[in-house]
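Reviewing the structure listed below.
The values are calculated or read from the model by the stated rules, or taken from the named source; none is laboratory data. Everything numeric in this text was worked out from a predicted model, so none of it was measured. Cβ: placed from backbone, ideal geometry, glycine included. Neighbour counts: every protein chain shown. Only protein heavy atoms, including side chains, enter the accessible area calculation; ligands, DNA and RNA are left aside. Shrake-Rupley method; radii C 1.70, N 1.55, O 1.52, S 1.80 Å.
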Amino acid sequence: MFFLFACVTLTFMYSYIGWHLFLSGNMFVKRKKTFLCFVLFFAFIPFFPFFLRANQLENSSTDLFFGFVYLELGFFSLVFVFFLLTDLIKVPYYFIKGMISIYKTTRLSTKRLSDPSKRRFLIKTTNIGILGLSGVLTGYGLYEARRMPAIKRVEIPIDNLPSDFNGLKIVQITDIHISPTIKRDFIQMVVNQVNALSPDIIAFTGDLADGSVQYLHQDAQPLAGLTAPLGVYFVTGNHEYYSNAPDWIREAERLGFTVLINEHRLIKRGNSILLIGGVTDHNGGQFVKGHTPDPEKAIMGADKYDTSILLAHQPKTIYKAADAGFDLQLSGH
């Protein structure tokens, strides 16, 4: 279902973009084949990385290809949004223009309203502007993705929190996506940042990697250096399931994480007990049997505790988490 939905969505997105680039402005006949090739190529090329990973075809050459796929997806997603915004702006504009044209029926005004050369010039100018702006923003996004991550400090009040856990420091990491574009040097930088914060608990809320353990395990190795006196915990994200989740679960355990698959651990400090629960990704059950997220199962069997925290990759779990009695949910995605 995921791949079917993704295929339909990408086909629609690239058809919409292709219509703006090749078919509008009275160029339909000349550009029909170009439009079709554009849609077929860009709508289906994002699925090739899944095919290559499934067949363990990962090397420096495929890294370049993956990088191209990720960049073009980001670029054309921006183009799509800008075209959509311009179309939404055009609706009231053409409505008002149409109303005005009712009262302006002279030959000159009619000629101006229907001048095809001016219309084509306006379309081309708009398209070039959108492509240029999208290119600049894509470059800026790449720069932001590669620089040192920002640290966001959040103080979370919890009713009836025991004094033993007052001021407890949890450092949450999420969605680092080790991949052909996110390598060992970046992961080491993240590890250094996290350890410098002296956390009591480290919570990794999924999307560790995009690719196989066999190819990316060296890039993930710095994560073994994460340290926290009350534990380093991990739950799966949706991207683990695109890259063989069981393998990445074993790798996370090898790196020193306590992996929580619809289960919990109890942490005692002084006379108080904190329950840390974790569930699988919201769509995990579609890929691995038994990996449907279940907050009730994650808390089951815990007879005595003072405060409970659930780690869940997708925020969608919040409703079931509340019903199960968790005090706080930490999510990524």
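The set of residues from the range 134-151 being part of a loop (DSSP other than H, G, I, E, B), closer than 30 Å to Pro49 by Cβ and of a type outside the set (Gly, Ala, Ser) comprises Arg147, Met148, Pro149. A single entry from Ile176, Ile156, Ile182, Ile128 fulfils the requirement of being part of a loop (DSSP other than H, G, I, E, B) and either surrounded by fewer than 17 Cβ atoms within 10 Å (Cβ to Cβ) or in contact with a Pro (Cβ under 6 Å, 6 or more places away or on another chain) (or both): Ile156. Note on the range 233-283: residues that are among the aliphatic types (A, V, I, L, M), crowded, with 23+ Cβ neighbours inside 10 Å and in a strand (DSSP E or B) amount to 2. Among residues of the range 115-138 that are of a type in the set (Gly, Ala, Ser), those with a beta-carbon under 6 Å from a residue that is assigned to a helix (DSSP H, G or I) and crowded, with 16+ Cβ neighbours inside 10 Å at least six positions away or on a different chain give the pairs Ser134/Phe75; Ser134/Leu78; Ser134/Val79. Checking each residue of the range 168-186 against the condition of being modelled with pLDDT under 90 and among the aromatic types (Phe, Trp, Tyr) gives no match. Yes or no: Ser331 open to solvent by 20 Å² or more (accessible area, probe 1.4 Å) and in contact (Cβ under 8 Å) with a residue 12 or more places away in the chain? Against the criterion (open to solvent by 20 Å² or more (accessible area, probe 1.4 Å) and in contact (Cβ under 8 Å) with a residue 12 or more places away in the chain), Ser331 qualifies.
Cβ-Cβ distances below 7 Å connect the following pairs, each with a first residue in the range 251-267 that is free of Cβ contacts under 8 Å to residues at least 12 places away in the same chain, a second residue that is open to solvent by less than 40 Å² (accessible area, probe 1.4 Å), and a separation of six or more residues or different chains: Glu253/Val259.
Only residues in the range 158-171 that are within 10 Å of Ser272 (Cβ to Cβ) count as the first member; pair them with residues that are part of a loop (DSSP other than H, G, I, E, B) and open to solvent by 90 Å² or more (accessible area, probe 1.4 Å), Cβ under 8 angstrom, at least 6 apart or cross-chain, and list the lot. Here the result reads Pro162/Asn271; Asp164/Asn271, each pair linking the range 158-171 to a residue that is part of a loop (DSSP other than H, G, I, E, B) and open to solvent by 90 Å² or more (accessible area, probe 1.4 Å). Any residue in the range 275-288 that is of a type in the set (D, E, K, R) sitting within a Cβ distance under 6 Å of a residue that is open to solvent by less than 10 Å² (accessible area, probe 1.4 Å)? List the pairs, counting only those 6 or more apart or interchain. Qualifying pairs under 6 Å: Asp281/Thr236; Asp281/Gly237; Asp281/His313. Taken over the range 210-232, residues that are among the hydrophobic types (A, V, I, L, M, F, W, C), in a helix (DSSP H, G or I) and farther than 26 Å from Phe47 by Cα amount to 2. Put simply, of Gly290, Gly270, Gly277 the only residue that is over 20 Å from Lys320 (Cβ atoms) and either over 21 Å from the mean Cα position of the chain (by Cα) or of a type in the set (Asp, Glu) (or both) is Gly270.
Of the residues making up the range 208-224, those that are of a type in the set (A, V, I, L, M), under 27 Å from Phe51 (Cα atoms) and open to solvent by 20 Å² or more (accessible area, probe 1.4 Å) number 1. Reported count of residues in the range 162-207, each being within 28 Å of Arg53 (Cα to Cα) and hydroxyl-bearing (Ser, Thr, Tyr), is 4.
Close Cβ contacts (under 6 Å, 6 or more residues apart or on different chains) running from residues in the range 298-316 that are farther than 17 Å from Thr236 by Cα and of a type in the set (D, E, K, R) to residues that are assigned to a strand (DSSP E or B) and open to solvent by less than 20 Å² (accessible area, probe 1.4 Å) comprise Asp306/Ser272.
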